[in-house]
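Peer 1: Sharing a structure below in structure tokens format, with a few things to ask.
Throughout, read-outs are computed from the coordinates displayed, never taken from laboratory work. Quantities reported herein were computed from a predicted structural model and do not represent experimental measurements. Every residue, glycine as well, gets a Cβ built from its backbone with ideal geometry; the counts of neighbours run over all protein chains shown.
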Amino acid sequence: MPTEFEKKVYEITKRIPKGKVSTYKQIAQAMNSKAYRAVGQALHKNPYSPKVPCHRVVRSDGSLGGFALGQRKKAEMLRKEGVIVKKNRVNLKKFLFKEFISS
């Protein structure tokens, strides 16, 4: 059973549209938190995939970060949605979803 923290992470992550990515840091900030690593842990345990698109969450430098099915699969899923991934990195200037509202 997900914790309240994890439920918030999943609710925020569901808002990321196809063709866009967010960062662990952005999700934490949308929750008024600095627990970036805890966001990553929650997404690693995500029981609601693909409804909660954890593959759309990357590191603040644009690198892919972790993924339960591996980075290759994460990159493949992002590419299918139109996100360009080069050398396991996403151009955040082009693909970052910035419209989170603190919850």
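Peer 1: Just checking my list [x] 12.3, 36; [y] 13.4, 44; [z] 17.8, 52 against Rg and Dmax of the Cα atoms in Å computed from this structure; which label fits?
Peer 2: Recomputing Rg and Dmax of the Cα atoms in Å here picks out [x].
Peer 1: In region 46-103, which trypsin sites (Lys or Arg not before Pro) are in a loop and have at most 12 other Cβ atoms within 10 Å, using DSSP for the loop call?
Peer 2: Lys51, Lys87, Lys98
Peer 1: To continue, here is another question. Given only helices, namely DSSP H runs of n ≥ 4 each adding -39500 (n - 2.57), what is the per-residue ellipticity at 222 nm of the chain, to the nearest 500 deg cm²/dmol?
Peer 2: So the calculated ellipticity at 222 nm is -10500 deg cm²/dmol.
Peer 1: Name the long-range amide H neighbours of Leu96: under 5 Å, sequence gap of 5 or more, or other chain; modelled H, no Pro or chain starts.
Peer 2: When sequence neighbours closer than 5 places are left aside, the close amide H contacts are Val21.
Peer 1: Each residue of region 14-28 in order: what ³J(HN,Hα) in whole Hz does its phi give by Karplus 6.51 cos²θ - 1.76 cosθ + 1.60, θ = phi - 60°, with x for Gly and Pro?
Peer 2: Those phi angles translate into 4, 7, 6, x, 4, x, 10, 10, 10, 10, 4, 5, 4, 5, 4 Hz.
Peer 1: Do you know the relative contact order of the chain, to the nearest whole percent, from alpha carbon pairs under 8 angstrom that are 6+ apart?
Peer 2: Reported relative contact order: 33 percent.
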